[in-house]
Amino acid sequence: MTKGRRTAQKEAVFSAVCALDHPSATEVYAYLKDKEPAVSRGTVFRVLSAFSESGKLRKLHLLGDEAHYDFNTSPHAHARCRVCGRVWDIESAVSPVLPEGFSPEESELEVSGICAACRAK
Ligand SMILES: [Zn+2]
Ligand SMILES: [Zn+2]
């Protein structure tokens, strides 16, 4: 595979994450399947984990679900509907009280619940 094609696949995966708003790898693959048939499922998983290791994407470990990916890498919290699975960015006023001398590296806050659309059903 030429380098140019690999770069194009990476860009396709990244733009899918931006377009889908907190998708899982499975959702990214489903989204790209028609648009970019050259991008295999394995490529999607590989590119996503490379991006999360390099810090270009943030990997979210949501409660009871597969990992989701976020293009917003600055610290922020999430609300997630447990019915439809949608994820929202939320402002969080919670600042944790850490043990003395503890230097935090990563933190994830997720509020799980049911969104207005699902509640109305
Ligand atoms: Zn919902
Ligand atoms: Zn987010």
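The values are calculated or read from the model by the stated rules, or taken from the named source; none is laboratory data. Owing to the predicted nature of the structure, the values given are computational and were not obtained by experimental measurement. As a convention, Cβ positions derive from the backbone with ideal geometry for all residues, glycine included, and neighbour counts pool all protein chains shown. Each accessible area value is taken on the protein alone, full model and side chains, heavy atoms only, with ligands, DNA and RNA left out. Shrake-Rupley method; radii C 1.70, N 1.55, O 1.52, S 1.80 Å.
A crude spin-label estimate for the pair GLU91 and LYS35, with each label 7 Å from Cα along the Cβ direction, gives 3.1 nm.
Here the 3J(HN,Hα) profile of segment 15-29, calculated from phi with Karplus coefficients 6.51, -1.76 and 1.60 at θ = phi - 60°, is 5, 5, 4, 5, 6, 8, 6, 6, x, 8, 4, 4, 5, 4, 5 Hz, Gly and Pro shown as x.
A cut-off of 5 Å between modelled amide H atoms, ignoring neighbours fewer than 5 places along the same chain, links LEU62 with HIS68. Expressed as a whole percent, the accessible surface of the chain that belongs to carbon and sulfur atoms is 53, based on a 1.4 Å probe. In this Cβ point-charge picture (+1 for Lys and Arg, -1 for Asp and Glu), the chain has a dipole of about 680 debye about its Cα centre. Protein heavy-atom accessible surface, 1.4 Å probe, per residue over the chain: 67 Å². Modelling each spin label as a point 7 Å along the Cα-to-Cβ direction, I'd like the ILE114/ASN72 distance in nm, to one decimal. My value for the distance between the label points is 2.5 nm. Considering only alpha-carbon pairs that sit under 8 angstrom and 6 or more positions apart, the relative contact order computed for the chain is 20 percent. Pairs of Lys residues in the chain, spaced 8 or more positions apart or belonging to different chains, with C-alpha separations under 18 angstrom: 4 in total. Farthest toward the positive end of the dipole of the chain, out of SER15, HIS68, ALA38, is the Cα of ALA38, where the dipole comes from beta carbon charges about the Cα centre.
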